[in-house]
């Protein structure tokens, strides 16, 4: 199987200057790879650094050291040391991300929030909206909400907008931060189906799923993040 | 092959055109006597990119913006701008007339206070049309047509075209100022606290409008703001300034979600949650 992303010896520490410069080690020696057509799951208790790892892969958190090599436009690039411009290009074309919470923009409709990743890739507005409508239908998002800004939606409704936004493109690598946390059973099934389809299309997925049913349904292998716990590496 | 034909051929073959920075700022410094306005600032700005300069009052952001936009001569350092013919020119080595022409055509400047960027005693239509006349348009019908079209793009009704901006609300004035700047299809727009002093609902509308225009027109923007939420919504990249110096720079969401410098951490932790 084709390896799309390799993380090696990635380390992250927060230095809290507001609290006298106290160092908060998060993870160290994070090493794993993601293969096309498979879904890996980050395992381990809350607070062990799972979300931080996803955020580093997406360039949202910086890394202290280590490399995150991703196949981008046919070459290997290191997210950990990439320029802001390159990170934005990687996000546009290679690494997608479904965050746990939706960051709503005032006055932008749910439909356009979901369609945006296609628009920035140059897809025509109406085509992009059509695909967003298809995903909203599949995710059972009531049609009366589509033209409204999602700021006032319920948690589950916002999450479905976020999922549509993440799944609308054909990014080869997709990161999922608890995409089913606020969903009912029927919609969890839809997300499981969407993930299965991404795998069939050859995407490499990496997710955090606290829901055991979902995790068992999608995971090809589990990466135990407690093995990367920063304290442990130091010992 | 002409340069644009070469670019088209590259685009058809799926090869992105080699892009060079639009603006290159190097070691820009401005001192006021013994006080530092801004010191040793360097960055590149690429076509279509939005850069936010943030920091509290007195941190040197407006001095920096004025030095970049040729409104205030720097003490040392250079600002290079890539002209439409692809040649990069030092804006402080240009003839005054050439620099003024650049500011009227290829650049825009949106002031915090619309009164500084508008002429309050001529009509809204004339405010927009004036910049077109400055670049040589003389046909009254065309100018009026373009003015009405731009008023519509910034959500000002056509029937206000003959009214003077002093009869407009603050939000409308700011939208008119934006139309006046964008009518000549500039490639680079400077903004100094564009949403400062507006009600939050008016501010949200303006931000939404700016986001749309920036992406539709592929504008490069340097926006100065003390409001980190505005920076998050509008910008790709940001520079954090303190006491005239850049203390942190990077991708906007990286700086805001994983701030490194003590001062950036203080700024981010001071944001009020709603």
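The residue that is surrounded by the fewest Cβ atoms within 10 Å (Cβ to Cβ), among those in segment A:64-80 that are free of Cβ contacts under 8 Å to residues at least 60 places away in the same chain and away from chain B (no Cβ under 12 Å), is A:75. Which one is surrounded by the most Cβ atoms within 10 Å (Cβ to Cβ), of the residues in segment A:167-187 that are under 16 Å from residue A:99 (Cα atoms) and free of Cβ contacts under 8 Å to residues at least 60 places away in the same chain? Among them, the one singled out is A:180.
Scanning segment B:239-263 for residues that are under 26 Å from residue B:48 (Cβ atoms), more than 9 Å from every other protein chain (Cβ to nearest Cβ) and touching a residue at least 24 places away in the same chain (Cβ under 8 Å) gives B:239, B:240, B:241, B:246, B:256. Count of segment B:120-137 residues, restricted to those that are in contact with a helix residue (DSSP H, G or I) (Cβ under 6 Å, 6 or more places away or on another chain) and surrounded by fewer than 18 Cβ atoms within 10 Å (Cβ to Cβ), is 4. For residue A:111, the conditions (1) in a helix (DSSP H, G or I); (2) within 14 Å of another protein chain (Cβ to nearest Cβ); (3) in contact with a helix residue (DSSP H, G or I) (Cβ under 9 Å, 6 or more places away or on another chain) all hold with the exception of (2).
Restricting attention to segment A:206-217, the residues that are surrounded by fewer than 23 Cβ atoms within 10 Å (Cβ to Cβ) and under 15 Å from residue A:34 (Cβ atoms) total 1.
For every residue, the table says whether it meets (1) more than 23 Å from residue B:53 (Cα to Cα); (2) modelled with pLDDT under 95; (3) within 14 Å of chain A (Cβ to nearest Cβ).
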{"position": "B:163", "(1), (2), (3)": "yes, no, no"}
{"position": "B:171", "(1), (2), (3)": "no, yes, yes"}
{"position": "B:183", "(1), (2), (3)": "yes, yes, no"}
{"position": "B:194", "(1), (2), (3)": "no, yes, no"}
{"position": "B:197", "(1), (2), (3)": "no, yes, no"}
{"position": "B:200", "(1), (2), (3)": "no, yes, yes"}
{"position": "B:203", "(1), (2), (3)": "no, yes, yes"}
{"position": "B:206", "(1), (2), (3)": "no, yes, yes"}
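Please find, within segment A:124-141, the residue that is farthest from the other protein chains (Cβ to nearest Cβ) out of those that are touching a helix residue (DSSP H, G or I) at 6+ places or on another chain (Cβ under 8 Å) and part of a loop (DSSP other than H, G, I, E, B). Residue satisfying both the conditions and the ranking: A:140.
Being at negative phi, more than 9 Å from every other protein chain (Cβ to nearest Cβ) and surrounded by fewer than 22 Cβ atoms within 10 Å (Cβ to Cβ) holds for only one residue in B:217, B:210, and it is B:217. Just wondering, is there one or more residues in segment B:163-180 that are in contact with a strand residue (DSSP E or B) (Cβ under 7 Å, 6 or more places away or on another chain) and buried (at least 23 other Cβ atoms within 10 Å of the Cβ)? Yes, there is a match, as at least one residue in segment B:163-180 is in contact with a strand residue (DSSP E or B) (Cβ under 7 Å, 6 or more places away or on another chain) and buried (at least 23 other Cβ atoms within 10 Å of the Cβ). At least 1 residues being without any contact (Cβ under 8 Å) to a residue 60 or more places away in the chain and within 25 Å of residue B:168 (Cα to Cα) is the threshold, and among the helices (runs of 4 or more DSSP H) wholly inside segment B:82-136 those reaching it are B:114-117, B:124-134. Taking the conditions (1) part of a loop (DSSP other than H, G, I, E, B); (2) closer than 19 Å to residue B:250 by Cα; (3) more than 14 Å from chain B (Cβ to nearest Cβ) in turn, residue A:61 satisfies each one other than (3).
Could you tell me whether any residue of segment B:196-207 is touching a strand residue (DSSP E or B) at 6+ places or on another chain (Cβ under 9 Å), on the phi < 0 side of the Ramachandran plot and buried (at least 22 other Cβ atoms within 10 Å of the Cβ)? The answer is no, given that none of the residues of segment B:196-207 is touching a strand residue (DSSP E or B) at 6+ places or on another chain (Cβ under 9 Å), on the phi < 0 side of the Ramachandran plot and buried (at least 22 other Cβ atoms within 10 Å of the Cβ). Within segment A:27-53, the set of residues being more than 14 Å from residue A:66 (Cα to Cα) and in contact with a helix residue (DSSP H, G or I) (Cβ under 8 Å, 6 or more places away or on another chain) comprises A:37, A:38, A:39, A:41, A:42, A:43, A:44, A:45, A:48, A:49, A:50. Screening residue A:134 with (1) at pLDDT 95 or above; (2) touching a strand residue (DSSP E or B) at 6+ places or on another chain (Cβ under 9 Å) gives one miss only, at (2). Screening A:87, A:6, A:48, A:26 for residues that are outside any loop (DSSP other than H, G, I, E, B) and more than 14 Å from every other protein chain (Cβ to nearest Cβ) leaves exactly one candidate, A:6.
In segment B:264-274, how many residues are more than 10 Å from chain A (Cβ to nearest Cβ) and surrounded by 18 or more Cβ atoms within 10 Å (Cβ to Cβ)? The total comes to 1.
The set of residues in segment B:229-238 being closer than 17 Å to residue B:59 by Cβ and either surrounded by fewer than 21 Cβ atoms within 10 Å (Cβ to Cβ) or within 12 Å of another protein chain (Cβ to nearest Cβ) (or both) consists of B:230, B:235, B:238. Kindly indicate the residue of segment A:90-107 that is in a strand (DSSP E or B) and more than 12 Å from chain B (Cβ to nearest Cβ) and also surrounded by the fewest Cβ atoms within 10 Å (Cβ to Cβ) among those meeting that condition. In this case the residue turns out to be A:98. Per this entry, residue B:189 is counted among residues that are part of a strand (DSSP E or B) and either more than 12 Å from every other protein chain (Cβ to nearest Cβ) or closer than 21 Å to residue A:64 by Cα (or both).
The values are calculated or read from the model by the stated rules, or taken from the named source; none is laboratory data. The structure presented is a predicted model; accordingly, all values stated were derived computationally and were not measured. Cβ atoms come from the backbone with ideal geometry, glycine included; neighbour counts cover every protein chain shown.
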